[in-house]
Amino acid sequence: MERTSRRAAPSLSEVAQVLADEAGVSLWGGLEPALRDGLDAAAAALGEEPAALARRILAREPAAIAALVEHSVVAETVFWRHPEQLEALGRIAAESPGPLSIWSAGCATGEEPYSVAMALLEAGRRGKGDRILATDVSERSLYVAETAVYGPRSLRKLPRRIADRWLEGTAERSIAPEVRALVRFARHNLVPDPAPPGGPFDLVLCRNVLIYFTPETAAPVLYKLVGSLHPGGLLVLGPVELPLASALDLDWVEDGGATFLRRQP
């Protein structure tokens, strides 16, 4: 019956196109199994057949598209990912006299913004008034982020000295209140939504998000990210995403093995 329901689903490529149009996520060209599994999982969660859900997606029903996004976008991440970037950000932040306004775009389950908050505190910025806005398209991911409890898999790359200072508990560990106080979470879709309130920002992180976008979608998203920065503000992408920004009029800043993009004054 499962195989029959899959074959009955109208044009998987059309479903992929709607997902790309509405959320900027590209699950085609080798990622069809992830899209098919996501469609099945979303349909099961809604208690309907995949074919029926596919028809609702093709009709661009917001609830149907949201369900597909929730079940097809892989949101796994870890604390202290790309440590060279976080260490460089700590050095840069330590030299800033005023409060920093930061946007973590595509924050998934919260490991990135909490890591940034820890880096700020490690850099001696307690009481400086820094604030981090963390956004994601997935309501499920944001729920996990706001719960702020993580297991060993998410924490496996976090240095022990930092974990002992800013985490509470043993096996399942929670984020210390001082770290949580720096971060606010909100739902935001990078593709159709304008930059969120709170900008312009001193720092925007969008790491390992654009790799899921088509080039046609990534380009305007990049312009949106850069446009949300203060003049002189920094954009932080995943290392493999840096070539996507090569055509933009940005200064490339090297710091200890990390490369940042600075909006020109």
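The values are calculated or read from the model by the stated rules, or taken from the named source; none is laboratory data. Since we're looking at a predicted model, the values are computed, not measured. FYI the Cβ positions are ideal-geometry reconstructions off the backbone, even for glycines, and counts take in every protein chain you see. Surface areas here come from the heavy atoms of the whole protein model, side chains and all, with no ligands, DNA or RNA. Shrake-Rupley method; radii C 1.70, N 1.55, O 1.52, S 1.80 Å.
Roll a 1.4 angstrom probe over the protein heavy atoms and tell me the percent of accessible area of region 112-256 that is carbon or sulfur.
The nonpolar share, carbon plus sulfur, comes to 55 percent.
Can you give the three extents of the C-alpha atoms in the chain along their principal axes, from longest to shortest, in whole Å?
Dimensions of the chain along the principal axes of its Cα atoms: 60, 47, 30 Å.
If you add up the charges near Ala176, with Lys and Arg at +1 and Asp and Glu at -1, over every other residue whose beta carbon is less than 11 angstrom from its beta carbon, what do you get?
The answer is 0.
What are the GluC sites (Glu not before Pro) within region 171-265 that DSSP puts in a loop, where the Cβ has at most 12 other Cβ atoms within 10 Å?
Glu172
Output needed for region 159-265: three equivalent-ellipsoid semi-axes, defined as square roots of 5 times the C-alpha gyration tensor eigenvalues, in descending order, whole Å.
Result for region 159-265: semi-axes of 28, 17, 15 Å.
Any idea how far apart Asn189 and His230 come out in nm if each label point goes 7 Å out from Cα toward Cβ?
Result: 3.2 nm between the two label points.
Leaving out ligands and nucleic acids, note down the accessible area per residue over the chain with a 1.4 angstrom probe, in whole Å².
47 Å²
As a check on your grasp of the helix formula, calculate [θ] at 222 nm for the chain: sum -39500 (n - 2.57) over DSSP H runs of n ≥ 4, divide by the residue count, round to the nearest 500.
Counting only the DSSP helices, I get -12500 deg cm²/dmol.
Does region 216-265 come out rounded, prolate or oblate by the C-alpha gyration tensor, with a ≥ b ≥ c the root eigenvalues, rounded set by a/c under 1.5 and, if not, prolate when a/b is larger than b/c and oblate if not?
oblate
So if I place +1 on the C-beta of Lys and Arg and -1 on the C-beta of Asp and Glu, and nothing else carries charge, what would the dipole magnitude of the chain be about its Cα centre? I want it in debye, nearest 20.
480 debye
Arrange the peptides 137-147, 113-123, 154-164 so that the one whose residues have, on average, the most other Cβ atoms within 10 Å appears first.
Those peptides, ordered most packed to least, come out 113-123, 137-147, 154-164.
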